[in-house]
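Input: a single structure, listed below in structure tokens.
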Amino acid sequence: MQDIPINGLSGLAYLPGHFGREAQEDLLERIRAIVAEAPLFQPVMPKTGKPFSVRMSNCGPLGWVSDINGYRYQPTHPETGKPWPEIPAVLQNLWSELASEAPEPEACLINFYDTGAKMGLHQDRDEQTFEAPVISVSLGDTATFRVGGVNRKDPTQSFRLQSGDVVVLGGKARLAFHGIDRVLKGTSTLLKNGGRINLTLRRVTPFD
Ligand code: MD6
Ligand code: FE
């Protein structure tokens, strides 16, 4: 595992090509089944109501949502009212390998990027605990990922995330600012109509 210290923060790991093509195809099939059950929704920014360019869904006991009232985790889909589908075993296993000190993940956010979608610089801090890392898996088109320090103004570094790559934000990098500048069209054949999926596994509630 490559630990990449950024701004002197340890705990950012980058595992290029962690999932090979066949594993990516299997995972994609699971995600399709989840999205058939829990359709992608378009979140909006709290207060302004401005829509995100990314569409989202979740699996796990809790899902991350954003609407006019704020960001939060909730056990049900905001439109169907149904519980989120289960986190696939392959992702549970990834979590046990890379976050062995933490109990099982409680949420897996599914982000879908169509052409032109991006994600502004942010911290993942809606969880009640920052003890566990956040683990991400990328599928489909390559994206430019930017990551900095714990202050928004800290210098950033960017690198490309390809289909099958895994990123871990743990330790001192758990609260590092990060975002997606752009998705590079036509860089993967995994998704028939192009685009990118990013999965982030999280622990939401405290543990000891
Ligand atoms: C993305 N990723 O790759 C957005 N968060 O589309 C994230 O926001 C992220 O990659 C926490 C940990 C790893 C990540
Ligand atoms: Fe994030």
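Values in this text are rule-based calculations from the coordinates and carry no lab data. Every value quoted in this text rests on a predicted model; they were computed, and no experiment measured them. Positions of Cβ are generated from backbone atoms using ideal geometry, with glycine treated the same way; all protein chains shown enter the neighbour counts.
What the table shows:
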quantity: Cross-link reach list, aspartates and glutamates versus residue 82, counting only Cα pairs under 15 Å and skipping chain neighbours closer than eight places; calculated: 37
quantity: Amide proton proximity set for residue 84, modelled H, under 5 Å, gap of 5+; calculated: 77
quantity: Under 10 Å, Cβ to Cβ, from residue 187 - net charge with Lys/Arg +1 and Asp/Glu -1; calculated: +2
quantity: Point-to-point label distance, residue 184-residue 29, nm (Cα→Cβ direction, 7 Å offset); calculated: 2.9 nm
quantity: Gap separating the Cα centres of segment 149-208 and segment 97-133, nearest whole Å; calculated: 8 Å
quantity: Ranked 113, 14, 73, criterion: other C-beta atoms within 10 Å, fewest first; calculated: 14, 73, 113
quantity: Fraction in percent of alpha-carbon pairs per bin - 10 Å, segment 101-182; calculated: 16, 51, 30, 2
quantity: Taking 100, 138, 57 and counting other C-beta atoms within 10 Å, the order from fewest to most; calculated: 100, 57, 138
quantity: Lysines whose Cα lies under 18 Å from that of residue 192, excluding same-chain neighbours fewer than 8 positions away; calculated: none
quantity: With eigenvalues of the C-alpha gyration tensor scaled by 5 and rooted, the chain, Å; calculated: 22, 20, 19
quantity: Which of 187, 116, 130, positive extreme of dipole for the chain (C-beta unit charges); calculated: 116
quantity: Binned Cα-Cα distances of segment 56-144, short to long, each 10 Å bin given as a whole percent; calculated: 14, 45, 37, 4
